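Colleague: Below are the structure tokens for one structure; questions will follow.
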Amino acid sequence: MTAITPINEEEKMSILAGLRSHVPATKLITLKKIADIADMRPESLQYMDMTDKRTIQEIINSIEKIANIDQDEVLKREALISLEKIKNALGTKFTKDLITCKNCGKIIDLGWEFCANCGANINKMEFKGIKRCKNCNKNISEEWIYCAHCGILLREKEKNLTCPNCKRPIDPSWMVCPYCGYRLKRIKN
């Protein structure tokens, strides 16, 4: 049996604040801290993935944002390293890969029309596992609710479920709230 040292609320907020900072040194230190946690305490990230999906997703989204749009190449590289270490810590559940331009190999966003690095038309590129909008036939992300290109509704927006007792976010599959112990009934979206 492994003893888990969970990442406490203060540490989580410190990580999120560091990733959102406008100071490059703060971002870099925070990225290195996350990489160290993934290396030395992977069970802490796994525990957070089980108990606080919203925060782990915010951390991953913030790191992806740094990797995709930050101007500092050192920060981009460190963000990619951190993402890879988080991916290894979380195992097969974390399988989202970064999308790169077929022309120059730089990271791109599916909402773009053209690669910001080389100018190649992204909509003419085919990506494995990426769907296209049924309305405009442009590449779309599975997370999108509306198409970033034409604005058509792609899927219904999911409601954020909360515990009726402590009001913290919960997963619809949980039978008991892990935060306050409240017995949850089958909650429907």
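Laboratory data are not the source of any read-out in this text; all were calculated from the coordinates shown. Everything numeric here is computed off the predicted structure, so don't read it as measured data. Cβ placement follows ideal geometry from the backbone for every residue including glycine, while neighbour counts extend to all protein chains displayed.
Colleague: Averaged over every viewing direction, what's the projected area of the C-alpha convex hull for the stretch 1-95? Give it in nm², one decimal, please.
Modeller: The orientation-averaged projected area of the Cα hull of the stretch 1-95 comes to 5.8 nm².
Colleague: If a paramagnetic tag sat 7 Å from the Cα of Glu143 along the Cα-Cβ line, which residues of the stretch 1-44 would have the backbone N under 17 Å from that point?
Modeller: Backbone N within reach: 16-17, 19-21.
Colleague: Sum up the charges of everything whose Cβ sits under 9 Å from the Cβ of Ala116, counting Lys and Arg as +1 and Asp and Glu as -1, but leave Ala116 out.
Modeller: Combined, the nearby Lys, Arg, Asp and Glu give 0.
Colleague: Under a Cβ-only charge scheme (Lys and Arg +1, Asp and Glu -1), can you give me the dipole magnitude of the chain about the Cα centre, in debye to the nearest 20?
Modeller: In total the dipole reaches around 780 debye.
Colleague: Please list, by residue number, everything in the stretch 21-45 whose backbone N is under 14 Å from a paramagnetic label point 7 Å out along Cα→Cβ of Asn88.
Modeller: 34-43
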